[in-house]
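The values are calculated or read from the model by the stated rules, or taken from the named source; none is laboratory data. Owing to the predicted nature of the structure, the values given are computational and were not obtained by experimental measurement. Cβ atoms come from the backbone with ideal geometry, glycine included; neighbour counts cover every protein chain shown.
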Amino acid sequence: MFGKKLLEYVSPYHRIFLTIQLEDNDIISLPAVQTATFFLTGGDVIMLDSLDNLDELVFIDYSLLDKKNGEPRFIEDFDRFKELVRKSLLQQENNNLFKITINNKVIYGKNANILCSLI
């Protein structure tokens, strides 16, 4: 707990978002947890191998996905993300893995946007 509070104090960002560029140039934007994504850099890979814990991923900020008080755009994008993961896990050529790679980090104002693409 102390480490999380310390990183929130040290981090210059108000919010961090994961933006996943899809093959059709559409994007999915997900709110991210600062302590889980602060150190992600270009070339890092996030892999998911199951649908079981999609509502408990450590790098997603679920406070903005709450059905009552959440941001509608993020809720919709998270639903699209879950469907994308489901489809990817069903494809045999993906070895039952969903993978995204971190391209780079864009900082605007007090926010950071981590740009990702599908592998």
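If you check residue 59 against the conditions, is it surrounded by 12 or more Cβ atoms within 10 Å (Cβ to Cβ), of a type in the set (Phe, Trp, Tyr) and touching a residue at least 60 places away in the same chain (Cβ under 8 Å)?
no
Having 1 or more residues that are of a type in the set (Phe, Trp, Tyr) is the bar; report the strands (runs of 3 or more DSSP E) wholly within the range 15-69 that clear it.
Qualifying strands (runs of 3 or more DSSP E): 15-21.
Quick one: what pairs do we get from the range 79-102, first residue under 14 Å from residue 45 (Cβ atoms), second at pLDDT 85 or above and of a type in the set (Phe, Trp, Tyr), C-beta under 9 Å, 6+ apart or different chains?
Filtered contacts from the range 79-102: 88/98.
Only residues that are of a type in the set (Gly, Ala, Ser), touching a strand residue (DSSP E or B) at 6+ places or on another chain (Cβ under 6 Å) and surrounded by 13 or more Cβ atoms within 10 Å (Cβ to Cβ): list them for the range 30-56, please.
32
Across the range 70-119, which residue is surrounded by the fewest Cβ atoms within 10 Å (Cβ to Cβ) among those that are of a type in the set (A, V, I, L, M, F, W, C) and part of a helix (DSSP H, G or I)?
In this case the residue turns out to be 90.
Taking interchain pairs and intrachain pairs at least six residues apart, which have beta carbon atoms under 7 angstrom, with the first residue in the range 19-41 and without any contact (Cβ under 8 Å) to a residue 40 or more places away in the chain and the second assigned to a loop (DSSP other than H, G, I, E, B) and of a type in the set (A, V, I, L, M, F, W, C)?
Filtered contacts from the range 19-41: 33/58; 33/59; 36/58; 36/59.
I'd like to verify a number: residues in the range 64-112 that are in contact with a Cys (Cβ under 9 Å, 6 or more places away or on another chain) and among the aliphatic types (A, V, I, L, M), how many?
Of the residues in that region, 2 qualify.
Residues checked against (1) closer than 21 Å to residue 109 by Cβ; (2) in contact with a Lys or Arg (Cβ under 7 Å, 6 or more places away or on another chain); (3) modelled with pLDDT of 85 or more:
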| residue | (1), (2), (3) |
| --- | --- |
| 1 | no, no, no |
| 4 | no, no, no |
| 15 | yes, no, no |
| 26 | no, no, yes |
| 34 | yes, no, no |
| 84 | no, no, yes |
